[in-house]
2 protein chains.
Amino acid sequence: MDSQNNCQPTNQSKMDGKWYRELNLNWEGYCQSFQVEEVLHNEKSQYQDVLVFKSKSFGNVLVLDGVVQCTERDEFTYQEMITHIPMNLHPNPQKVLVVGGGDGGVVREVLKYESLKEVVLCEIDEEVINVSKKYLPDMADCLTNPKVNIQVRDGVQFIREHPGHFDVIITDAPDPEGVAAALFEKNYYQDLKNGLKPNGVACCQGETPFLDLDLIQKVLSQCKEVFPNVGYAVGHTPTYISGMMGYIVASPDPDLDLTKPLRTLSEKDIEIMKLKYYSSQIHRAAFVLPNYIQKAVKGVIDT
Amino acid sequence: MDSQNNCQPTNQSKMDGKWYRELNLNWEGYCQSFQVEEVLHNEKSQYQDVLVFKSKSFGNVLVLDGVVQCTERDEFTYQEMITHIPMNLHPNPQKVLVVGGGDGGVVREVLKYESLKEVVLCEIDEEVINVSKKYLPDMADCLTNPKVNIQVRDGVQFIREHPGHFDVIITDAPDPEGVAAALFEKNYYQDLKNGLKPNGVACCQGETPFLDLDLIQKVLSQCKEVFPNVGYAVGHTPTYISGMMGYIVASPDPDLDLTKPLRTLSEKDIEIMKLKYYSSQIHRAAFVLPNYIQKAVKGVIDT
């Protein structure tokens, strides 16, 4: 891929006997490992290494370029947060775009809104969609829903062809190395803004604050140059290395309070929507940052 | 140790080349590993295996019976939460007891309150205190403070000899296997209650909700049989396996709102107290639980 980051490969992950060890220079000296029952898929696609294995205790696990993208056991934590935070900041989300997210997990969550008319899934790597349909059915089965429009292509180009079209755009990207590098650049935030309606909301994978504060500061700063309204939220995902995931939330509407969901989900709503993580209270709490994160993002974005 | 739990040893951790792998049957099939630069201490004390190693990227690491107790890099997350939640629920904490916590981290945080007259550290295993003084100075240096009363003995007996004596009691215990098993029993909560003044507050290590929900339900239920007022809070600690730590908070005062700190720390307070995690906002947010945890504790405690 033509990355403007010129990142060196940092992936050093390896299958080590019956264990998969997620080794990476970005978190040198530390790793998580999964006991492997069976390797289900292990091939290089046009864009990246695609590995799926059945783990002993976390269900099937999808790994791209050596970094865990999701496990069946804890994927709900991430999919719910990256989806329901922006969806609940829009009064009537009808047109939604998911950039990346070929596993289908975010689309599954988007489909829970009755107001929805269409969700476009723009995944550049068809292989991710294919292996997810085969090995991650709880996430990818939803991709046959008639409201889902699957586009196997570059998300940036798709947005440029649909200016001012979307109520919500969710960027479910891997880390900013390899295929997803462009999705962490200032130009991408400009594209995101152009693709949104004036009251639209964007939410992007925001890296792991315990390990990536410098990167997060840089990315938030670029986002803030484009959007008048940028927030940063956190949630707990055990298998994203270090256990805490960040979410970048942005809107062209300067007056929208990103920390306050526009609708309050009742217990009944939560049951019907099968939400295991997100609630209206969690939405607000997710923007309350531990001091070390707050200190890093203060001055970069409004907190 | 004479444990009423009759737990079987679950520790399978091992030094594996230059890596320390934290393997345990309680989280079978998954593990975290630290690259080891030097083993600093590795001996069996009277009570447990005590290991300290210098890691490549998390500073010095203390491991008891094969389970990571703290790393220099992220210990602040745990020490601050288990200390400042109960300390900020008391209007004037003067007498504080720490049960366990021989590394000194909790005592360091307790000493940040001007109202404090005495903090008793009741650690049964002197070896933990000794290795912490030697290898974890940022935590254990405070143990020479004249307000600190170190008792190398069983915390339960100490509490029984000091009924109604304490404003805050913090139980900084390892998991309920081996030496700390009794600190997760109903009798212990009765002792805690007896040791507190009527407006006192207790806070106990509350396990990792993603992996231990059944145990947490059981422990909260036992606590609630004794205390009229029990809450459960969570925070992010990367190196407690799965990355989210729980805290059991209890008071004999049924009217105390555990989710609302009695004092609001200013930015200046946070700077003076060198708080990297805890703030008054974090205190409130910590009691907002993801749905899967909320569902498990609802009906057991008041949420």
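Across the range B:28-42, which residue is nearest to A:Phe34 (Cα to Cα) among those that are open to solvent by 30 Å² or more (accessible area, probe 1.4 Å) and among the polar types (S, T, N, Q)? Among them, the one singled out is B:Gln35. Selection of the range B:264-283 for residues being more than 9 Å from chain A (Cβ to nearest Cβ), part of a loop (DSSP other than H, G, I, E, B) and surrounded by 13 or more Cβ atoms within 10 Å (Cβ to Cβ) yields B:Leu265, B:Met273. Can you confirm whether A:Asp172 is open to solvent by 10 Å² or more (accessible area, probe 1.4 Å), touching a helix residue (DSSP H, G or I) at 6+ places or on another chain (Cβ under 6 Å) and either within 14 Å of chain B (Cβ to nearest Cβ) or not hydroxyl-bearing (Ser, Thr, Tyr) (or both)? In short, yes.
Taking the conditions exactly as written (within 14 Å of another protein chain (Cβ to nearest Cβ) and without any contact (Cβ under 8 Å) to a residue 24 or more places away in the chain), does A:Ser55 satisfy them or not? Don't jump to the end; show me each part of the working.
Working: within 14 Å of another protein chain (Cβ to nearest Cβ): yes; without any contact (Cβ under 8 Å) to a residue 24 or more places away in the chain: no.
Here the answer is no, as A:Ser55 does not meet what is asked.
Among the residues making up the range A:94-117, those that are more than 12 Å from A:Ile169 (Cα to Cα) and either open to solvent by 10 Å² or more (accessible area, probe 1.4 Å) or part of a strand (DSSP E or B) (or both) are A:Asp103, A:Arg108, A:Leu111, A:Lys112, A:Tyr113, A:Glu114, A:Ser115, A:Lys117.
Scanning the range A:288-303 for residues that are assigned to a loop (DSSP other than H, G, I, E, B) and either more than 13 Å from B:Ser279 (Cβ to Cβ) or more than 22 Å from the chain's Cα centre (by Cα) (or both) turns up A:Gly299, A:Val300, A:Asp302.
Could you check how many residues of the range B:138-179 are of a type in the set (Val, Ile, Thr) and within 21 Å of B:Val68 (Cβ to Cβ)?
Going through the range B:138-179, the residues of a type in the set (Val, Ile, Thr) turn out to be B:144, B:148, B:150, B:152, B:156, B:159, B:168-171, B:179.
Adding the requirement that they be within 21 Å of B:Val68 (Cβ to Cβ) leaves B:170-171, B:179.
So the count comes out to 3.
Residues of the range A:208-231 that are open to solvent by less than 20 Å² (accessible area, probe 1.4 Å) and more than 14 Å from chain B (Cβ to nearest Cβ): A:Ile216, A:Val219, A:Leu220, A:Cys223, A:Val226, A:Phe227, A:Asn229, A:Val230, A:Gly231.
Flag set for B:Ser45, criterion: under 19 Å from B:Gln12 (Cα atoms) and among the polar types (S, T, N, Q).
The set of residues from the range A:67-90 being open to solvent by 10 Å² or more (accessible area, probe 1.4 Å) and not in a helix (DSSP H, G or I) comprises A:Val67, A:Gln69, A:Glu72, A:Arg73. If the requirement is being open to solvent by 30 Å² or more (accessible area, probe 1.4 Å), touching a helix residue (DSSP H, G or I) at 6+ places or on another chain (Cβ under 6 Å) and over 28 Å from A:Leu211 (Cβ atoms), which of these qualifies: A:Pro146, A:Pro137, A:Pro163? Of the residues listed, the single one that is open to solvent by 30 Å² or more (accessible area, probe 1.4 Å), touching a helix residue (DSSP H, G or I) at 6+ places or on another chain (Cβ under 6 Å) and over 28 Å from A:Leu211 (Cβ atoms) is A:Pro163.
The values are calculated or read from the model by the stated rules, or taken from the named source; none is laboratory data. What you see is a predicted model, and the numbers here were worked out from it, not measured in a lab. Using ideal geometry, Cβ is built from the backbone for each residue, glycine included, and neighbour counts are taken over all protein chains shown. For accessibility, only protein heavy atoms count, side chains too; no ligands or nucleic acids. Shrake-Rupley method; radii C 1.70, N 1.55, O 1.52, S 1.80 Å.
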